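Visitor: After the structure tokens below, expect a handful of questions from me.
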Amino acid sequence: MSAEYSNSADQLVAAGASVIFNESPVPCRENLIYHRDGSGIFRLVNRFFRQNLNVCQCWKRNSNYLVSFGANIEIPTGGTVETISLALVVDGEIDPSAIMEVTPAAVEEPFNVSVSVIAQVPYICTCSNVSIRNISTQPITVSNANIVVDKA
């Protein structure tokens, strides 16, 4: 199972906001990833968690997903030249190993950033949320955003 979501347009992402994905070239057909076009949140389902007659049948297995993200980022016109960053966020918390950081020499100087991490949905949960967040102190321009999710 693989799924791909993208946004090829330039988008101004406010500090603390998520990158938006508005295209689903390869949506998930197995009901394991939920995403609404125009949103930045992806819900990953624990494929081993099932409910039957209100009794949880949990096989105590985590579900692992390989999440790969890539995009071009830059400081927009009028911004301050400083380090800018995106990060993969799992259940509202930044994954420290998934911070993408660059320091442009000027505004409108694009950099390509990417990251791949395994996001784990614990066996005690039905699902986890994943997003890409601007953790910079200012808005940044994100273009050609692409995220691919694979069962690991």
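The values are calculated or read from the model by the stated rules, or taken from the named source; none is laboratory data. Nothing here was measured: the structure is a model prediction, and the numbers come from that model. Areas reflect the complete protein model, heavy atoms only, side chains present, ligands, DNA and RNA absent. Shrake-Rupley method; radii C 1.70, N 1.55, O 1.52, S 1.80 Å.
Visitor: Of the heavy-atom accessible surface of the stretch 80-138 (probe 1.4 angstrom), what whole percent is carbon and sulfur? Spell out each step's value before the answer.
Guide: Details: 1490 of 2950 Å².
Summing carbon and sulfur atoms, their accessible area is 50 percent of the total for the stretch 80-138.
Visitor: Taking a probe of 1.4 Å, how large is the accessible area per residue of the chain, in Å²?
Guide: Counting only protein heavy atoms, the per-residue value for the chain is 51 Å².
Visitor: Which ³J(HN,Hα) values, rounded to whole Hz and listed in residue order, are derived for the stretch 82-94 from phi using the Karplus coefficients 6.51, -1.76 and 1.60 in 6.51 cos²θ - 1.76 cosθ + 1.60 with θ = phi - 60°, glycine and proline given as x?
Guide: These are the phi-based 3J(HN,Hα) values: 6, 4, 10, 8, 10, 8, 7, 10, 10, 6, x, 10, 5 Hz.
Visitor: Next up: Residue 81 to residue 112: extension gain in nm, 0.36 nm per residue of separation minus the Cα-Cα distance?
Guide: Full extension from residue 81 to residue 112 adds 9.5 nm.
Visitor: In a GNM of the chain with a 10 Å cut-off on Cα contacts, which of 87, 105, 119 has the highest mean-square fluctuation?
Guide: Largest GNM mean-square fluctuation: 105.
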